[in-house]
Every structure is written in structure tokens, then in C-alpha cells.
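The values are calculated or read from the model by the stated rules, or taken from the named source; none is laboratory data. This structure is a prediction, so every number in the text was calculated from the model and none was measured. When we count neighbours, we look across all protein chains shown, and the Cβ atoms used for this are built from the backbone with ideal geometry, even at glycine. All accessible areas refer to the heavy atoms of the entire protein, side chains included, with ligands and DNA or RNA removed. Shrake-Rupley method; radii C 1.70, N 1.55, O 1.52, S 1.80 Å.
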2 protein chains.
Amino acid sequence: MEKKKGRVTLPSEQNFLAETKELLERWGADAIRDSDGTKLDDEIKQLDAKIYTTYFVARAHNEFAEKHPEECQQLYLMSQFNTAHGETLEIDFMEGYFEEQLRPDYVHHPKKYWEVIDRTTGEIVDCNHWDVDEDLNCVTISNAVPWHEYTVSFLVFVIWDPTQMYNHITNNWGDKPHDIPFDVRGPQSNEFMATYLTQWLKDNPNTDVVRFTTFFYHFTLVFNHLAKEKFVDWFGYGASVSAAALDAFEQEKGYRLRPEDLIDQGYYNSSFRVPTKAYLDYIDFVQQFVAKEAKKLVDIVHESGKEAMMFLGDNWIGTEPYGEHFEQIGLDAVVGSVGGGATLRMIADIPHVRYTEGRFLPYFFPDTFYEGNNPVIEANQNWLTARRAVLRNPVDRIGYGGYLSLAYKFPDFVDYIEKVTDEFREIYDNIKGIKPHTGLKVAILNSWGKLRTWQTHMVAHALWYKQIYSYLGVLESLSGASVDVSFISFDDVIQHGVPEDVDVIINAGDAGTAFSGGENWKNEALITKIRAWVHNGGGFIGIGEPTAYQHGGRFFQLADVLGVDKELGFSLSTDKYFTSPVEKHFISADAGVFDFGEGMKNIFSLSKETEIIEYSNGEVHLSSHDFGKGRGVYIAGLPYSEENTRLLMRAMFYAANKENEFHKWHSSNIYCEVHAYPAIKKAALVNNSMEEQTTVIYDGSGNSKEVTLAPSEIRWEAFSDES
Amino acid sequence: MEKKKGRVTLPSEQNFLAETKELLERWGADAIRDSDGTKLDDEIKQLDAKIYTTYFVARAHNEFAEKHPEECQQLYLMSQFNTAHGETLEIDFMEGYFEEQLRPDYVHHPKKYWEVIDRTTGEIVDCNHWDVDEDLNCVTISNAVPWHEYTVSFLVFVIWDPTQMYNHITNNWGDKPHDIPFDVRGPQSNEFMATYLTQWLKDNPNTDVVRFTTFFYHFTLVFNHLAKEKFVDWFGYGASVSAAALDAFEQEKGYRLRPEDLIDQGYYNSSFRVPTKAYLDYIDFVQQFVAKEAKKLVDIVHESGKEAMMFLGDNWIGTEPYGEHFEQIGLDAVVGSVGGGATLRMIADIPHVRYTEGRFLPYFFPDTFYEGNNPVIEANQNWLTARRAVLRNPVDRIGYGGYLSLAYKFPDFVDYIEKVTDEFREIYDNIKGIKPHTGLKVAILNSWGKLRTWQTHMVAHALWYKQIYSYLGVLESLSGASVDVSFISFDDVIQHGVPEDVDVIINAGDAGTAFSGGENWKNEALITKIRAWVHNGGGFIGIGEPTAYQHGGRFFQLADVLGVDKELGFSLSTDKYFTSPVEKHFISADAGVFDFGEGMKNIFSLSKETEIIEYSNGEVHLSSHDFGKGRGVYIAGLPYSEENTRLLMRAMFYAANKENEFHKWHSSNIYCEVHAYPAIKKAALVNNSMEEQTTVIYDGSGNSKEVTLAPSEIRWEAFSDES
């Protein structure tokens, strides 16, 4: 069988021509990229492959930036909390910040753009009662109330690009100049970005794909006075703020933002905060601007006959691939880093581009590629978690990053990637554009909805946090499951009701967060629409502290649907008799030891109608409850594992009252899955583990047979219409 | 040495004269009581001992109660939550309630006294839009909003006294008549209670002490349709409510209560709820009434030459021994059940009575006194936990309850109680009225303050709840510790500041509860007064979720004092670097394995100035933080144990900046304590364990010596002024 080629991107580097050619052949690559810290030789650029070249729009042009300090990027920052001991309070507002990154903005008048807030009362201090010492970076409040806490919200210039800063500090780049990020909202910068790109395209005729890394605004990344990370929010719009942006916002939206609309008590509108209208307006405003300006660059690229690709990261703020303005940019492609199934889907599901590309792990860096380590293991794990998602909706290309010369020293790794790239192409060729069999339609309900598709419960994607892993498991499980997944917001439901075709709604998160919903659950339209929908046959799955908002004698506002609530101490006086789990249950039929991750304390059953599936430590952690023709299922937490993926699948089918559909295109063994494609009459049986697995496989009619799959195997089977 | 006598009360029963005499002698008892289910023979009443006779004011007089059903006691109840499926909603409001206990009140017009509430919006349904079917006990709402939840708040008559109901059902009393509780607010009942008592006193000339069990209103105890407990609140004022009381309240306080002021969303103003002004007004109103009416009875008793004693339980509602109206009752004594140190202090510290009496455990009932069991163990444990508290402030008498004949069958038990009674008398004779050495003055700060002295975090005293034990340990530890303990409310601090002589404030509880404080922590006067006080040298100890209320960028409003806050998910983007515990710390110097009980999740340190003492599972559980001249200490939870008592003592001395005072009248061994009485130059060295203990003992000057104490030993030592 002739070896297929294509859909794979290779990183390369200088003085590595022969090996690049070899790997191009073996991995079937049809594109070559540079990476951070690598450049491509001209000979390499002449190979039979597309050339991707990294392009920075708003940094790495200090010759320009230094001439236009007034167009430097900006941030709103909040000082530390400062307690007044008397009526005069001096606040060293830069305390804790990194002066090589951040410089207070005295160009725009502090009394207009800054805010001093009495955090004890929440009131703004009249700007006649404070002054700034620009030499000392100090605000002095003259009429402080003793023992109140005060903060200063202030504008700074960001004088060092965060990504370069991170690399610079991490790699001890010494006196290498600091990239100064400039803001294309400024007229000089706006002109510069276009003229420079035009020239650059001329200067780089061999480039086929301009890999924007990325556009204008970096996600928020602020360092502290010890030159270590202080604040990082991959979703943070902090660095899109500027005096000019605030003025333009007022022009456009008809009202002026307060600094506090962006400072948000120091939480900076973390995506865990239930978003305010002002913040939603602001990010929409930025998205519009970014789309409009990015389109200009993309148009220039297209005029030069090249493709425009966007890296989903770094300066991606405002692009929001699932937002309303993304389409307008007109990008050819998006490339992003794949940490597992959920991040693969985050890339693969992006609409309005011709193709998507996933950069797989491991990165070819010495932290993995060192003597004595076997990089195949990480690559295999990465591929197995991502493959489930690829089988639901493939990215169009895969690729790697880092030093190819390093990877080349590990022949087993080279062999393994050869297999992976072949396997990827086989999957792609089979299923691209083919709708896989879908057992259920699932909607994840939170404050963000579609805008943050596959992006819930994350601070920076792929970072582990104690407070999120018990929810992230839901996304990871769903990313490769035989269900359709959509993301809907509370406003969607309030305005349009639950979408017709949804079988199951999942609401997962800690109380008060945007993901659980906070005070949204006091909205009677939201409550009644969901209640009616469940009663009419819908399935509602609550994880953690779903629908949580203390009101009207309930903490879980849909306690009546879920059949459980959380004891906050107010109803201890009420006896709670319902503590006996059912003997067996559809949801737990495949369960061994339960793992609810962080779990949830003090959940109790409201009545004997609640089917308690797991009860321990005086608490319910898993339960189900009929509500009319529908059902509510409660799960205390769901970290990712094969066991929990199965638990969630069963919970969804049960909630939707579709247990009888469960054994279609199904594998009895939790380490295996079946992905069926009725339109092409093929099914992929996959072993998601690195061990051999034997499993009973059910086809679409429920007929079963036993199969044994080799470690990591994918086996394609044709089936007839009767299946 | 001649055997001392007195201060001990013996239960007795019929046909037990000789043994009663023997035990009277051996235990040195000087009083004899009847118990539930026992009566005293006339011969026993002639013995050289005071006779206590149990007296019920408002029940056990069915011949009267049946004639005056309109004066039957009442309750406000809330129906279950009912979801409207259409515009008409029928609510079976008695569903889940026990019809033998509760009968809907149709005497007083439901449209005046009841309330139908849309719990989804919180709005009251206009009473023109609902009707009651008195035959079916059903409320029909005619204009319900589909998928809203509704409840009915309704008045019932309580037709069975809860204590008798409990005993009746538990002991299968069959067709024995149900005691009907009547309300002395009714004119007939009010007259009856006085005339009956007057006659009763004449009929019971041998009674020396009338043991009221108790006065007018039982704590809330509601049974369900299965004749099992549904709701119990030892602090509940539910049964003091009536149409008459509501009308009188309006007359007295100038405004009318809504049913919801008492229903409280179905939480019924549990003492864990931050009390509303209306509820505080209401309980004050009841206390005034109870005091005035109880005084009438006490006066009658006194006129007959007898003493009036109140049992702290059952129908104690409204007496509030630590309240403002209690003194007015004019009681001679209070007797209550002793479950440990905290409950002993709850009795012993009661002001305005001539004496207090603790009923010790075990009760002489077959559940403890059965063949093969050794009741000495429970008695010994009970005595050891209580003795610590007795050494701080003794009750004036101790006693027992139940069947004396049962206890008599256990000679070892009889021997042991002989020792206990001797030991109690020795302690009492030594220290009554003598102020013990006090290392610190500690104030427990919550919504209730002094009113609920030694009564925090309890549903029914002595009942274990998962949600309270980690806080109750604080009270138990303090009850026998060498510190003065007071209970102050947020209003106390707001109005009068922190009392001058307080060294340490403790705020302990779950977020939102009356014990933590909920929205009180948004009060700037409270915040600033405590902040100033700590800064000036005070010690603030927060346990669980102290000062918790999400506001102004903080969850713990005194996070600046404590140096820690709780991560709710909003500040995950902020790096948290401070996770390294100090190598050693004054607070943990005696600690082995930490036990924070339920603990607390997601507590993090705000800065490097916070001294982390224990960090595990990604969380701070014990820490200290300097704040000006004072300190804040955080503890995740503190169930009772000798280890945690020591931890709390060290935390308090550290918080108060009085570490150098710690080794005065101190025992190095945590199972031993030193109680010193400077006025009499005596110290009691106690071994609180049932094993021999060796310990270094420090006197008041810090001089030390090693001593070995026998199991449970108390050793009295004289000391000179130099100590």
C-alpha cells in the first residue's frame, strides 16, 4: 500500500536539511515551520512542503515601539489592600509589581483614569481627596477613614511583552532587548502594522503560511517584584485596555466604563466570575476591534497570495474563535496546542476557517528529550487522549514543535510518530466531514455559553488546579464521547428557552462561579424554563454546586429537580432520613471505586424519591431523581478517567430516559470505545489504553460480539445497514 | 475524717426505702427527687432530705385542656415545596406532618394568619388567589405561575405535648391519653395555672422544692407522618407562637409580624440563621411574657414556703437564663443535664439564682445499666470532662436521675459515685466563690452574644452533627481552661466596641451562619472596631469560615488580620506562592498529629508574612499573622480533644502576645491541668485521663516540678505567695 502523505507539519531548524528531508518522508509531512528559537535555512524552504513562518504583529519591533511610547500597550492594575491607620494613607501602588514590565501611566491624567476605592464600604474616594506622587509612585489619601481598607486602580504601560519576558527570564537572555508591545489602536502603530507586514511579505517570498502569533493583545500575564508570575489569565482582556480604548468604548457603547468594571475587586473579571453587563460589553467591543483590524492584516496576506493562520494563544485576546466577530477576520486556519481531548475539540470545532491544526505533545525540548527518558510514552498518552476527540471531529492537520534535531536522536520516537501520522491520516481520510453516530445531544450550561466552547473551568488551559480538575473531567470525557456537545448560556435559555434538540443539560461548578451560575439562578425565567423542560422529559445533570444560590429556602435552586440540596447549617434542625443507597443502579452499573475528585460536602437527599447511588461520610455524592418525565442527576465531582467517562455517559443516558439506547455502538470495556459513521458504514473500535483489552462490542442494533484489541489499537470495521 | 454530706440529689422510687437510706448515707445526698416514671413513697419523703417534685405547668391537665381547645398551644408550619404545573395548584399542606400531634387552626381566619408564598420570586400570593378546603386540609392557588414553587405557611394547634409524645411512642404507651399542651397566654389557662399550683402546693406538703419541668413553651419538636422526629430545635420558639401572641406582639412592638418572620423559608429561625430584627423582637417579646408569668408561679411557690427550681430543657423556651428578663422570674435554682464541660458551664454560669444543679450521666436506665456493661466507665468519662469545668465554676449541686434500684445492682458503680460525690464536695468546699487563676480573657463573638452563653453551634445540646463538632470543640476546650470566657454579639461590638479587658476574640463557624456572622461582616463599624483593636494588641482567632462574607475582593472580611482567605474560584488566576510551613511554632509546640475535624477547603495564605503552621492537601489549616501589635490566628476546625485544647490554649496566648504567661500554672502533659486559686493559695493538679500521667507542673512564677498523677486523680497543693 502506497504511503499516504500530508496533513502533518514538521518543525525544522538550521543545518538540518538531510534529516528534515528524511522525516518529511517518513512522517508524510507537507509543511515545515519554524519555532520559538529556530530559523529555517533557505534550502529547507525550498523543499516540497509549505513553509509556515511565525509572525509577530505587535511586538519584536522595538525600532518602532521606542519611538512611540504613547502607543505602548496598557493594563489596569489594582494595588494591594492598604489599611488606613489614620486619616492620611500613603499607598505604594506599584508594591508587588515588576517594574521592568510595568510603568505607571502618567501621560493620561490619573484623576480621570484612576480610581481610589474604600474597599470596606465599596465607595469611590473623591479624587479631590487623593494625590499622586509621580516620582515615588505613591498615592496619598487625605481623608481616609481609619481601619478601612483602600486600593488604587491605576493604568500602566506594559513595557515588556509577557511571552518574551517569560522566555527571557527563564532562559537568562541577559541584556537582550525587551520586546515592547505596542497597541494597534494607536494611529502610528496601526499604520506600522500594515506597512511592515506588506514589506515583510515581500521579504519572505518562500513563506506560504503566515502564522500570526498572534494579533494584538496578549492574555493577561503580570509578573511580581521578584520577576515571577503574579497573575495569569489565559482569558484575560487586561492587556487590551488603554486610555484610548476606554474613550472609544464610551463613543461606541454610549457609556463610560469605570476602572472597577475591569479591576473587578482585584479579580479582573476572571472567567470564573459571573460576568457583568459592562464586562460583556467591553469584551464584545474589543472583539469587534480585533476582528476589524485583524481582517486588514489577513487581507494583506491574501493579497500576497499566502495563507493566514492564527495561533490560538499568546496574543489571541479578542479573537474568540467561537464569538460573533471571528468569522469576519477571514482566517484560513487556526493552530493550537493539544493537551488532550478537550483542547483538541477546542481547536477542531472552530468555525469559519478552512482548516485547523493541532500541535501535539511532547514539544521537542530537553525537558522530555533527554537521555534515559522515553518520549514515546508522553506521545502515546497525548495521542490516545486526543484520538478519542479526533474521532468525533478531527483537526485537519497535526504538527509538532521544538528542535527536530533533538527528536531525531530518539529513533523509537521517530518510529512512533510515523505510526501516529499514518493513523491520523487514515482516520481523517475515513471520517472528515462524516457525522459520527451520536447517542445524545448535551448542552453545557453556564454564564459564557457558546463563546467559551470547550473553554470552561480553565485558568490557563492545561494547568492543573485543585479547584477545577473535578469539573474539567466533564469536558475531557465528553470530548471523545458519542454525544453532540454544545455550550449554552443562561441568557440563551432565558431568551430562547432550551434548544429543541437537547437531551441533557449539564451545569457544573462551584457556587457563585460563572460556571455554576451564581445569581443567575434567582432568575425566574431561567428556573421555570429549565424546570418545565425537565418535567417534559429533559435530563439535568448537576455537578459540584449546580444551580447554587441561597434563596427561598433552597441552596440548589433546582433542588426539586435534582432531589438533593446542600446543608449550609440552616436546616440542621430538620431530620434527614434518606441515606440508604439503592442496591444497584443503571448509572453505577460499570462503577468500581468512585472518584469524585474534590467531591462536595454536606449534600443531602430531600426525599425518599431521590435514588441515592453513592452515600458516604454522611453525604450524598451521586444520585438521581425523577422529575415528571425527566430526571435530575447529581454528581459531586468528576475528574477525568475512563471510569468517570463511563459514569458520565450512563448518567446522561439515564437523565435523558434513554437507557435503552445505551447499548448501541457501545463497548462493555471502559477502556475501549466504538465510534460509528453510518454514512460510510464504518465503525472504529479503539483501545484507549496502552494494554491489550478484550471487550464486548455492540453495534447500532445492539448486536454484540467479543473482540480483543491490541494496546492503543484502532480497528476499522465495515457494517451493513442492518447494524 | 468525718464524712461530709450534702450538695447531692438522689433519684428514688417506690418500695426502695432501705436502699435509698443507704445510698443517701454513702453518697452524702441531702435531696431526693422523683423522675419521669417514678414516684416517691411517703416514707421516703420523711427522710432527712429535701424532696424535689416534678411539676408540669402547661400539660398533664387534660381535664382542663380538653375544655379549652381554643387555648391549645400553636405552631407556625410551612408546607413542603410544591411546583405549579399549571395555573391551578393544590397544596396538601399537612403532607409529611403527624396528624396526632398537629391540627390546622381554622379557628383563626387563615386569610389573616396564613401566607402562601411564591418561593421562586419570594412574593406573597394575594389571599384572594387562594382558598382553603378545611375538610381536605388543602390550599388551592388559582393564579399560580407554572413551574414556580409555592409553600403555605399555616397555623396549627399542637394537640400533643412533644415530650410526652416522644415517651409515649418510644415506650408504646398505647391508649394512654395524650397530654394536650395549653397556652397560659389564654385567660382560662392563665387562671388555671395559678389556682392549680396553689392547690397542688397544699396537696404536697412534703415537697420542699418544686421542680418546674418547665414552664410554658416546649422547644420546637415536630413529628412526621410516620410518627418520627421531623424537626427538632432546642432553641426553637416555634411553640410559643399563637394568634393571640401575634396580636399581642403587634400591640407591644408597634408592628405586625408576618408568618414569614417565624417560618423563615422553612428554616424557622434556627440559631444558625443570622437573626432578623423581627425575630429578635419576637423572642424578646416572648421572654418578657414568660418571665412575667413564671414569676407569678414562683411567687406562689415562695408563698408556700417552698423553693422554685427550673429544669433547663423541655418547656424552657423564653426563660433564656442569660437573657435580660430571667432575673425577674426570681427562681431559687436551675437544674440541667451535664453532657460535658460546656453544658456544665451552661448551667453553672447562670446568674440570678441561689444555686445550680447538674444532673450527671449516666441516667439510671436500662440502656446503660444492663448485665455485662460497666456503667462506671461512662460515669468516669462524664465526671472527668465535667470536672475541668467544675474547677472553673462549680455547679452548687450534683445529682442523678432514673431508677435508683437499677444503679443499686451495680456495686462498683455505687462505690464510684461515692468517690465522685466526695470529690465534688471537696472541690466545692475549696473553691466555691473563689476566683481561679485566669491567664486570658476570651470573648466568643457571634450574632447571639451573651444570650446564648455556652450555647453556640448546637441544634439540641449533646447531639452530634457533622456540621458542628469541629466548632463545638472550642466551647468544650474552653469550659475547663484557665481562661475567662464571655460571649459577645456583633451588636455589642458595634455599639460599645470590644470590651476593655478582652485579650482574645474567637469567631468560629461556617460562612453565612449566625456563628460566623454572615452579612454582619459588611458592617464597617464592626470591621473597623475589631481591626483597630487587634492592631492595638488584641488577638483574633478565626475558626472555619470566620468573618466570611464575599465583599470588596475578600471572602474573609478580616483577611488582612488573619493573613489568609478562602479561594472561591475567583482568584485562581492569582499565583499563590505561600505554602511553606514554618519549621516550628509556639502554637504547635505540643502538637502531634493535627485533627481539624471537618477542616476547611481552599484556604490560602495572603502573603509571606503569614506564618503557616500546617499546610496539606494544597491548603492552610493553621496559621498566624501579625497585625500591628496584635495577631490573627486561623484554625480550620477544632473538634474536642486534649490535643486540641492545648492547641487552642497556645493559639490564644500567642494571639494575645502573651506567650511568656503561658507557663504559669501549667502542665506540660496535655492530659493534666493545673487550676490555681490565689485567694486561698491552693492549686488543684488534675489528671483528666483514666491512665497514670507524669507531667511537669509550673506554678504561678514559672517554677516547675515533675509529678505523677494516678488515673483521674485530683491533687490539692498549697502554695506560698512567691509561687
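For A:Tyr267, are the conditions met, namely being free of Cβ contacts under 8 Å to residues at least 12 places away in the same chain, within 14 Å of another protein chain (Cβ to nearest Cβ) and within 30 Å of B:Asp565 (Cβ to Cβ)?
Numbers: free of Cβ contacts under 8 Å to residues at least 12 places away in the same chain: yes; within 14 Å of another protein chain (Cβ to nearest Cβ): yes; within 30 Å of B:Asp565 (Cβ to Cβ): yes.
When the stated conditions are applied, A:Tyr267 passes them.
Looking at (1) surrounded by 20 or more Cβ atoms within 10 Å (Cβ to Cβ); (2) farther than 23 Å from B:Glu320 by Cβ; (3) more than 14 Å from chain A (Cβ to nearest Cβ), which is the only condition B:Gln467 fails?
(3)
Hey, can you tell me all the residues within the stretch B:168-192 that are of a type outside the set (D, E, K, R), in a loop (DSSP other than H, G, I, E, B) and more than 15 Å from B:Glu66 (Cα to Cα)?
Selection gives B:Asn171, B:Asn172, B:Trp173, B:Gly174.
Would you mind stating whether B:Leu155 is under 23 Å from B:Val222 (Cα atoms) and either exposed (fewer than 14 other Cβ atoms within 10 Å of the Cβ) or β-branched (Val, Ile, Thr) (or both)?
Numbers: under 23 Å from B:Val222 (Cα atoms): yes; either exposed (fewer than 14 other Cβ atoms within 10 Å of the Cβ) or β-branched (Val, Ile, Thr) (or both): no.
The answer is no for B:Leu155.
Kindly establish whether B:Gly509 is within 12 Å of chain A (Cβ to nearest Cβ) and either among the aliphatic types (A, V, I, L, M) or open to solvent by less than 10 Å² (accessible area, probe 1.4 Å) (or both). Before the answer, list the steps.
Values: within 12 Å of chain A (Cβ to nearest Cβ): yes; either among the aliphatic types (A, V, I, L, M) or open to solvent by less than 10 Å² (accessible area, probe 1.4 Å) (or both): yes.
Against the criterion (within 12 Å of chain A (Cβ to nearest Cβ) and either among the aliphatic types (A, V, I, L, M) or open to solvent by less than 10 Å² (accessible area, probe 1.4 Å) (or both)), B:Gly509 qualifies.
Pull up the stretch A:52-83, narrow it to residues that are crowded, with 22+ Cβ neighbours inside 10 Å and among the hydrophobic types (A, V, I, L, M, F, W, C), then point me to the one that is nearest to A:Val298 (Cα to Cα).
Result: A:Val57.
Find the residue count for the stretch B:28-47, including only residues that are more than 28 Å from the chain's Cα centre (by Cα) and over 24 Å from B:Phe424 (Cβ atoms).
Number satisfying all stated conditions: 6.
Which condition number does A:Phe157 fail, the rest of (1) in a strand (DSSP E or B); (2) without any contact (Cβ under 8 Å) to a residue 60 or more places away in the chain being met?
(2)
Out of all the residues in the stretch B:421-455, which are without any contact (Cβ under 8 Å) to a residue 60 or more places away in the chain and in contact with a helix residue (DSSP H, G or I) (Cβ under 8 Å, 6 or more places away or on another chain)?
Answer for the stretch B:421-455, where residues must be without any contact (Cβ under 8 Å) to a residue 60 or more places away in the chain and in contact with a helix residue (DSSP H, G or I) (Cβ under 8 Å, 6 or more places away or on another chain): just B:Gly449.
So, of the residues in the stretch A:569-591 that are among the aromatic types (Phe, Trp, Tyr) and closer than 29 Å to A:Glu659 by Cβ, which turns out to be nearest to the other protein chains (Cβ to nearest Cβ)? Write out each step before concluding.
First, the residues of the stretch A:569-591 that are among the aromatic types (Phe, Trp, Tyr): A:570, A:577-578, A:586.
Checking the rest, the ones that are also closer than 29 Å to A:Glu659 by Cβ come to A:577-578, A:586.
Working: A:Tyr577: 8, A:Phe578: 12, A:Phe586: 25 Å.
Looking at the filtered set, the residue picked out is A:Tyr577.
Which numbered condition trips up A:Ser605, out of (1) open to solvent by less than 10 Å² (accessible area, probe 1.4 Å); (2) facing chain B (nearest Cβ under 10 Å); (3) of a type in the set (Ser, Thr, Tyr)?
(2)
How many residues, within the stretch B:529-545, are within 30 Å of the chain's Cα centre (by Cα) and open to solvent by 10 Å² or more (accessible area, probe 1.4 Å)? If you could, list the steps in order and put the result at the bottom.
Filtering the stretch B:529-545 for residues within 30 Å of the chain's Cα centre (by Cα) gives B:529-531, B:533-534, B:538-545.
Right, trim to open to solvent by 10 Å² or more (accessible area, probe 1.4 Å) and you get B:529, B:533, B:545.
Going through the stretch B:529-545 one residue at a time, the tally reaches 3.
Report the residue count in the stretch A:249-270 for those that are small (Gly, Ala, Ser) and either in contact with a helix residue (DSSP H, G or I) (Cβ under 7 Å, 6 or more places away or on another chain) or part of a helix (DSSP H, G or I) (or both). Quick ask: steps written out before the conclusion?
Narrowing the stretch A:249-270 to residues small (Gly, Ala, Ser): A:254, A:266, A:270.
From what's left, either in contact with a helix residue (DSSP H, G or I) (Cβ under 7 Å, 6 or more places away or on another chain) or part of a helix (DSSP H, G or I) (or both): A:266.
Residues flagged as small (Gly, Ala, Ser) and either in contact with a helix residue (DSSP H, G or I) (Cβ under 7 Å, 6 or more places away or on another chain) or part of a helix (DSSP H, G or I) (or both) within the stretch A:249-270 amount to 1.
Which residue is farthest from the other protein chains (Cβ to nearest Cβ), if the candidates are limited to the stretch B:528-545 and must be small (Gly, Ala, Ser) and out of contact with any Lys or Arg (no Cβ under 7 Å at 6 or more places or on another chain)? Talk me through it step by step, then tell me what you get.
Keep residues of the stretch B:528-545 that are small (Gly, Ala, Ser), which gives B:532, B:537-539, B:542, B:544.
Now narrow it down to the ones that are out of contact with any Lys or Arg (no Cβ under 7 Å at 6 or more places or on another chain): B:532, B:538, B:542, B:544.
On the way: B:Ala532: 5, B:Gly538: 13, B:Gly542: 17, B:Gly544: 10 Å.
This residue is B:Gly542.
Do you know which of the residues in the stretch B:552-584 that are acidic (Asp, Glu) and either over 25 Å from A:Thr276 (Cα atoms) or within 30 Å of the chain's Cα centre (by Cα) (or both) is most open to solvent (accessible area, probe 1.4 Å)?
The first filter runs over the stretch B:552-584 and keeps only residues acidic (Asp, Glu), leaving B:560, B:565, B:567, B:575, B:583.
Adding the requirement that they be either over 25 Å from A:Thr276 (Cα atoms) or within 30 Å of the chain's Cα centre (by Cα) (or both) leaves B:560, B:565, B:583.
Values: B:Asp560: 17, B:Asp565: 8, B:Glu583: 190 Å².
Top of the filtered list is B:Glu583.
Which residues, taken from the stretch A:92-139, are in a strand (DSSP E or B), open to solvent by less than 40 Å² (accessible area, probe 1.4 Å) and within 14 Å of chain B (Cβ to nearest Cβ)?
A:Tyr97, A:Glu115, A:Val116, A:Ile117, A:Asp118
Only one of these is within 14 Å of chain B (Cβ to nearest Cβ), surrounded by 19 or more Cβ atoms within 10 Å (Cβ to Cβ) and without any contact (Cβ under 8 Å) to a residue 60 or more places away in the chain: A:Ala525, A:Ala548. Name it.
On the way: A:Ala525 fails: surrounded by 19 or more Cβ atoms within 10 Å (Cβ to Cβ).
Going through A:Ala525, A:Ala548 in turn, the sole match is A:Ala548.
Residue-by-condition table, conditions (1) of a type in the set (Gly, Ala, Ser); (2) surrounded by 24 or more Cβ atoms within 10 Å (Cβ to Cβ); (3) touching a residue at least 60 places away in the same chain (Cβ under 8 Å); (4) touching a strand residue (DSSP E or B) at 6+ places or on another chain (Cβ under 6 Å):
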| position | (1), (2), (3), (4) |
| --- | --- |
| A:Glu598 | no, no, yes, no |
| A:Ile613 | no, yes, no, yes |
| A:Val620 | no, yes, no, yes |
| A:Pro639 | no, no, yes, no |
| A:Glu642 | no, no, no, no |
| A:Met652 | no, yes, yes, yes |
| A:Ala655 | yes, yes, yes, yes |
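Conditions: (1) touching a residue at least 40 places away in the same chain (Cβ under 8 Å); (2) of a type in the set (S, T, N, Q); (3) out of contact with any Lys or Arg (no Cβ under 8 Å at 6 or more places or on another chain); (4) over 30 Å from B:Glu673 (Cβ atoms). B:Gln495 meets all but one. Number of the miss?
For B:Gln495, the exception is condition (1).
Among the residues of the stretch A:252-261, is there at least one that is open to solvent by 60 Å² or more (accessible area, probe 1.4 Å) and aromatic (Phe, Trp, Tyr)?
yes
Residues are listed down the side, and each one gets a yes or a no for (1) under 30 Å from B:His663 (Cβ atoms); (2) in contact with a helix residue (DSSP H, G or I) (Cβ under 9 Å, 6 or more places away or on another chain):
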{"site": "B:Gly497", "(1), (2)": "no, yes"}
{"site": "B:Ile505", "(1), (2)": "yes, yes"}
{"site": "B:Thr528", "(1), (2)": "no, no"}
{"site": "B:Gln557", "(1), (2)": "no, yes"}
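For the subset of the stretch A:270-281 comprising residues that are facing chain B (nearest Cβ under 9 Å) and not polar (S, T, N, Q), which member is farthest from A:Ile117 (Cα to Cα)?
So, considering only residues that are facing chain B (nearest Cβ under 9 Å) and not polar (S, T, N, Q), the one farthest from A:Ile117 (Cα to Cα) is A:Phe272.
Those residues that are closer than 19 Å to B:Glu357 by Cβ, touching a helix residue (DSSP H, G or I) at 6+ places or on another chain (Cβ under 7 Å), in a helix (DSSP H, G or I) and open to solvent by less than 10 Å² (accessible area, probe 1.4 Å), I need them from the stretch B:384-420; list them, please.
B:Ala386, B:Arg388, B:Ala389, B:Val390, B:Leu391, B:Leu404, B:Ala407, B:Ile417, B:Val420
Is one or more of the residues making up the stretch B:227-248 within 14 Å of chain A (Cβ to nearest Cβ), polar (S, T, N, Q) and in contact with a helix residue (DSSP H, G or I) (Cβ under 6 Å, 6 or more places away or on another chain)? Walk me through it before giving the result.
The first filter runs over the stretch B:227-248 and keeps only residues within 14 Å of chain A (Cβ to nearest Cβ), leaving B:227-239.
Now restrict to residues that are polar (S, T, N, Q): none.
Within the stretch B:227-248, not a single residue is within 14 Å of chain A (Cβ to nearest Cβ), polar (S, T, N, Q) and in contact with a helix residue (DSSP H, G or I) (Cβ under 6 Å, 6 or more places away or on another chain).
From the list B:Phe219, B:Phe249, B:Phe223, pick out the single residue that is farther than 25 Å from B:Ala508 by Cβ, assigned by TED's automatic domain parsing to the domain that holds B:Glu324 and at pLDDT 95 or above.
Values: B:Phe219 fails: farther than 25 Å from B:Ala508 by Cβ; B:Phe249 fails: assigned by TED's automatic domain parsing to the domain that holds B:Glu324.
Answer to the check: B:Phe223.
If you take the residues in the stretch A:170-198 that are within 22 Å of A:Lys228 (Cα to Cα) and within 26 Å of the chain's Cα centre (by Cα), which one is surrounded by the fewest Cβ atoms within 10 Å (Cβ to Cβ)? Please lay out each step first, then the result.
Residues of the stretch A:170-198 within 22 Å of A:Lys228 (Cα to Cα): A:170-181.
Okay, now just the ones that are also within 26 Å of the chain's Cα centre (by Cα), so A:170, A:181.
Details: A:Thr170: 8, A:Pro181: 31.
Per the stated criteria, the residue is A:Thr170.
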